[in-house]
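A short write-up of the structure that comes next.
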Amino acid sequence: MPKLSGVNLNGQFYACRSAIKVFNTQASGGTIVNVASIAGYLGARGGAAYTMSKHAVIGLTKNIAAFYGRENGKIRANVIAPGSIATGMTANLGTLDPLGTLTFGDLGPFNGGEADDIANTALFLASDESKFINGDVITVDGAWTSR
């Protein structure tokens, strides 16, 4: 497995596994919030290894929600799928190969969001205000994928 895929998927897998062990010992359970990408369900918004790893994070999260949400009802798992967020990674989008440039060009212009947009979504998903949200992918992309 390419190094990027291992980091993107394995890190979240092992963190979830450890969290579930702790959550199962707590009466209050717990909430898992993973981070994927719009590439995780669109397929053409990143390189093959990146896209594969983000699809896997979405599958992992849905599996946790389905099994542990039904099994004991006290563990929830959701995933945030950011679009273009102002980070070091998006600073390199100008260096895409021609095929990548065509793919991103299909989306039209986009100014991007900020890290706080993702952080605020994670806080909401971890809070009791989202207690009935389980197994969902929350897109935070300023409607970029709606174009």
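The values are calculated or read from the model by the stated rules, or taken from the named source; none is laboratory data. Only a predicted model underlies this, so the values are computations on that prediction, with no experimental measurement involved. In this analysis, Cβ positions are derived from the backbone assuming ideal geometry, glycine residues included, and neighbour counts consider all displayed protein chains. These accessible areas exclude ligands, DNA and RNA; they are computed on the full protein's heavy atoms, side chains included. Shrake-Rupley method; radii C 1.70, N 1.55, O 1.52, S 1.80 Å.
Condition check: open to solvent by less than 50 Å² (accessible area, probe 1.4 Å) and either outside any loop (DSSP other than H, G, I, E, B) or at pLDDT below 95 (or both). Does Ala27 satisfy that?
Criteria not met by Ala27.
For region 45-66, enumerate the residues that are part of a helix (DSSP H, G or I), in contact with a helix residue (DSSP H, G or I) (Cβ under 7 Å, 6 or more places away or on another chain) and open to solvent by less than 50 Å² (accessible area, probe 1.4 Å).
Matches in region 45-66: Ala49, Tyr50, Thr51, Ser53, Lys54, Ala56, Val57, Ile58, Leu60, Ile64.
Test Lys131 against the criterion of being open to solvent by 40 Å² or more (accessible area, probe 1.4 Å), out of contact with any helix residue (DSSP H, G or I) (no Cβ under 7 Å at 6 or more places or on another chain) and modelled with pLDDT of 95 or more, and give yes or no.
Answer is no for this residue.
When you look at Ala77, is it outside any helix (DSSP H, G or I), surrounded by 13 or more Cβ atoms within 10 Å (Cβ to Cβ) and modelled with pLDDT of 85 or more, yes or no?
Yes: the conditions hold for Ala77.
Picking from Ile32, Ile138, which residue would you name as being modelled with pLDDT of 70 or more, open to solvent by 30 Å² or more (accessible area, probe 1.4 Å), outside any helix (DSSP H, G or I) and within 26 Å of Gly6 (Cβ to Cβ)?
Ile138
List, please: which pairs have Cβ atoms under 7 Å, are six or more places apart or on different chains, and start with a residue in region 110-138 that is within 23 Å of Leu60 (Cβ to Cβ) and end with one that is assigned to a helix (DSSP H, G or I) and open to solvent by 30 Å² or more (accessible area, probe 1.4 Å)?
Pairs found: Ser130/Phe124; Gly135/Lys62; Gly135/Ala66; Val137/Tyr41.
What do you reckon, is Ala91 at pLDDT 65 or above and either closer than 30 Å to Phe23 by Cα or in a helix (DSSP H, G or I) (or both)?
no
Can you spot a residue in region 14-24 that is out of contact with any Cys (no Cβ under 7 Å at 6 or more places or on another chain), exposed (fewer than 13 other Cβ atoms within 10 Å of the Cβ), of a type in the set (Phe, Trp, Tyr) and at pLDDT 90 or above?
There is at least one residue in region 14-24 that is out of contact with any Cys (no Cβ under 7 Å at 6 or more places or on another chain), exposed (fewer than 13 other Cβ atoms within 10 Å of the Cβ), of a type in the set (Phe, Trp, Tyr) and at pLDDT 90 or above.
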